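This report concerns only the one structure given below.
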């Protein structure tokens, strides 16, 4: 049993160390005890001054548990840890790297070049986020937005200051698709499209919200009259259109619309007449999944009838309706060597229609839409090269005889294909007109000029919601190059 | 008495917490006393020590996914968070007062070694392992900063009985109070 003196003595040390009697631990030697024996006790008591309160430890534990539970329910614990890195296919990857450096402050981490000069692989760091990219390698099916007609994947980038980030990006050439604004889910964010066709959602977190709170705000937002719960999707191709739309500049446009309705079940979507007379300034009709634009030829735009491949289920019926509606037969319906069945007619405006149906399991024409434009250039390889250089076209098929004649070739531009064969028989070269949607009309217009096209009209904002311009390619075809920027009511 | 040793499976605990934040509780249990001791050696007002300790663990929970195992003890990571939190708070306080920024708050004890922190953390944990009555008295006396008279009143015991429990508690703790780690020899920058 400790004696009373020891107990009292110890309490005096405690009192002093706790500072109640104004003494500092070092002064404890004032106590009449051997310093060597006392020192560890004084030190121990000094350390006990920092003893945490048990109640505090318990309370903090409970708070952390609450937070942790919220965190674990917010995201179900994944079974494994993985990293996910976007790998961008870009026509002109080297230029894209320079753009990302300037626009997004990216740092180049590495770059590998192919012997053929294409950029085989590169890695960039954007504020700690990794992206990988390379030039297009169509032979491996590695194609970018310009070839595919856009990318279905958005890149979502969290940045510390979204407004400053967007300013720098737009100054470097990115375009705002959706302006930077506060969002109901606690972010301030917007969308940019880069000159290579990738859409970036850039965002800065402003508020930490639970999923329930986000849902509540979303519900409120949707209940407000006139509100749109979802912003317009970012796209540079007008609704209902594809990358390529044939534009028929022909005489008797009004009559042609009636013909297409009767013979091919076309739907008229839009028509505007010239101020004086009945001539059509611009019209849009749809056959199956394909839009066709047309206008009456005039002094500025002389007639340029097209050759169109029309896929139908019942070739004979469509052919019969076409001839009954006034078309002239060029080739009657027949079975082809390939197993396809088809025939060719000439409408009264001068367009040739190859009405056909592919053989079962055909792969060459699998990407054809209901209506696909066809060309008869004198030198198909030169035209293919132009389409590659100017529009990022990709040669997907070529049938060439040993003497060098191209019997059939197919080029993909964006989400569309066009066909071509060198002139033969009645099918001689004649230029057509096409409407081409691209992610960045300004850039493509410039590229087309560099590839040998001549300007019809420079790129400008058009009242109908496109930004576009026109060029004539070296083969006489007219291309109206456009980026859809906003929807305009007709 | 529980030993305050590096658990060999600390890495597993961290990975478990990274997969499921609910598992963070174990890391908290293992490191609470260390973090508290570390902060208490640099900050003298108890409410500030508690605030900062809470801040460190909340930050650690939020950032646990970013922790990369490189072989250093988990506590080292917590100390780094704590050091930053202390500096931030001090700078904020200096700004609010409008006083010009001086250097980091001086550490009167010099650089605190992890061994010294562990030694103190073990002491705190040993308090929790004392017999119930001794433990209660030690906690009230030191953590709750109460006088013998207050404790006697609250526990409905005589002042002498409280002093005796205090004496026994400190005796027990002293048996486990390890020797102070020797200071490293050498110059001030060694």
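Here are the numbers:
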read-out	value
The protein assembly as shown - Kirkwood radius from inverse mean 1/r over Cα pairs (Å)	32.4
Normalised contact order of the range B:10-97, rounded percent, pairs of Cα under 8 Å and 6 or more residues apart	31
The range A:244-484: relative contact order in percent, alpha carbon pairs under 8 Å with at least 6 residues between	16
Among beta bridges that DSSP assigns inside the protein assembly as shown, antiparallel share in %, nearest 5	75
Using a Förster distance of 45 Å, the FRET efficiency for residue A:85-residue A:320 (Cβ separation, nearest 0.05)	0.20
Span from the the range A:454-490 Cα centroid across to the the range A:232-261 one, whole angstrom	14
Degrees between helix A:35-48 axis and first principal axis of chain A (Cα, 0 to 90, nearest 10)	40
FRET E, pair residue A:364, residue A:289, Förster distance 25 Å, beta-carbon r, rounded to 0.05	0.85
Relative compactness, the range A:108-200, computed as alpha-carbon Rg over 2.2 N^0.38 Å	1.23
Ranked by how many other beta carbons lie within 10 Å on average, peptides A:263-276, B:59-72 from highest	A:263-276, B:59-72
Rounded if a/c under 1.5, otherwise prolate or oblate - the range A:115-264, Cα gyration tensor axes	oblate
Zone residues, the range A:266-282, relative to residue A:298, backbone N less than 17 Å from point 7 Å out along Cα-to-Cβ	A:271-282
Average other protein chain Cβ within 10 Å of Cβ, residues B:141-148	5
Label zone at residue A:221 (point 7 Å along Cα-to-Cβ), backbone N below 19 Å, the range A:164-208	A:177-192, A:200-208
10 Å Cβ neighbours from other chains, averaged over peptide A:60-68	6
Anisotropy class of the range A:191-313 from Cα gyration tensor, a/c 1.5 cut	prolate
In nm, spacing of pseudo-spin labels at residue B:154 and residue A:207 (7 Å Cα→C-beta vector)	4.2
Helix A:93-104 axis, angle to chain A major axis (alpha carbon atoms, nearest 10°)	50
Mean Cβ count within 10 Å, highest first, over the residues of peptides A:328-340, A:361-373	A:361-373, A:328-340
Theoretical FRET efficiency, 1/(1+(r/R0)^6), r = Cβ-Cβ of residue B:29 and residue A:163, R0 41 Å, to 0.05	0.40
Residue-averaged [θ]222 nm for chain A, counting only DSSP H segments that reach four residues, each worth -39500 (n - 2.57)	-8500 deg cm²/dmol
Descending principal axes extents, the range B:10-97, alpha-carbon based, whole Å	44, 23, 21
Inter-site label distance for residue A:95 and residue B:44 at 7 Å from Cα along Cβ, in nm	6.8
Length-normalised contact order for chain A - Cα pairs under 8 Å, 6+ apart - percent	10
Chain A: angle of helix A:162-171 to the longest principal axis, Cα-based, in degrees nearest 10	40
Using alpha carbons only: equivalent-ellipsoid semi-axes of the range B:130-176, gyration tensor based, whole Å	17, 11, 8
Highest average packing first - A:165-176, A:285-296, A:45-56, Cβ atoms within 10 Å	A:285-296, A:45-56, A:165-176
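Values in this text are rule-based calculations from the coordinates and carry no lab data. Computed from a predicted structure; not experimentally measured. Here the Cβ is made from the backbone with ideal geometry for all residues, glycine too, and neighbour counts use every protein chain on show.
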